[in-house]
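These notes concern the structure reproduced below.
The values are calculated or read from the model by the stated rules, or taken from the named source; none is laboratory data. Bear in mind that the values here come from a model prediction, so they are computed numbers and not experimental data. For neighbour counting, all protein chains shown are included, and Cβ atoms are generated from backbone atoms with ideal geometry for every residue, glycine included.
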Amino acid sequence: MFEPILVPEAAAIAGWLIALALFVIVEAATVNLVSIWFAVGALAGLITSLFTEDLLYQLLVFALVSAAALAVTKPLVARMRGRKPAAALGLERNIGRRAVVVQPVRPGVPGRVRLDGVDWTAVCDTALDEGGECVVTAVESTTLRVEPANQPAAAGV
């Protein structure tokens, strides 16, 4: 059927080690699971080269193991990438919440708002009067960017 392509053991080991190293380097450089499957296949090809000098068998094992590794890990990776982003932590959790204006806020002139009993410096592109409600749209260091509360927000004051 096919003539075996015999490769001396030392040459085969060197070739598979080089292939393995290249696949690992590419994977480390991209961090996107681009060649990890081929690295696993190259390792299998390396192990196969210890038992046979026939390059065809080594390449067949490389291809089959690479395909199996891809088939096994692809659904896992897809599930991990499809996960929802982590819940907002720290100050970002205040975005979308309502606050009460305790010192008037004018365009270009910061004022003060109270959120959960804490007074914050606030900026807004429109004027907000004392006692009015606003919604937090962003957190910039220790300053809240707010806008008038025209619609219901996520949480209370």
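Within 20 Å of the chain's Cα centre (by Cα), surrounded by fewer than 18 Cβ atoms within 10 Å (Cβ to Cβ), within 30 Å of residue 147 (Cα to Cα) and of a type outside the set (Ser, Thr, Tyr): which single residue out of 90, 82 fits that description?
The unique qualifying residue is 90.
For region 43-63, what are the residues that are hydrophobic (A, V, I, L, M, F, W, C) and either modelled with pLDDT under 90 or not in a loop (DSSP other than H, G, I, E, B) (or both)?
Those that are hydrophobic (A, V, I, L, M, F, W, C) and either modelled with pLDDT under 90 or not in a loop (DSSP other than H, G, I, E, B) (or both): 43, 44, 46, 47, 55, 56, 59, 60, 61, 62, 63.
Looking only at residues in region 114-139 that are out of contact with any Asp or Glu (no Cβ under 7 Å at 6 or more places or on another chain) and of a type in the set (A, V, I, L, M), which one is surrounded by the fewest Cβ atoms within 10 Å (Cβ to Cβ)?
Of everything passing the filter in region 114-139, 118 is surrounded by the fewest Cβ atoms within 10 Å (Cβ to Cβ).
Please pick out the residue among 26, 7 that is free of Cβ contacts under 8 Å to residues at least 12 places away in the same chain and surrounded by 12 or more Cβ atoms within 10 Å (Cβ to Cβ).
Every option except 26 fails the conditions.
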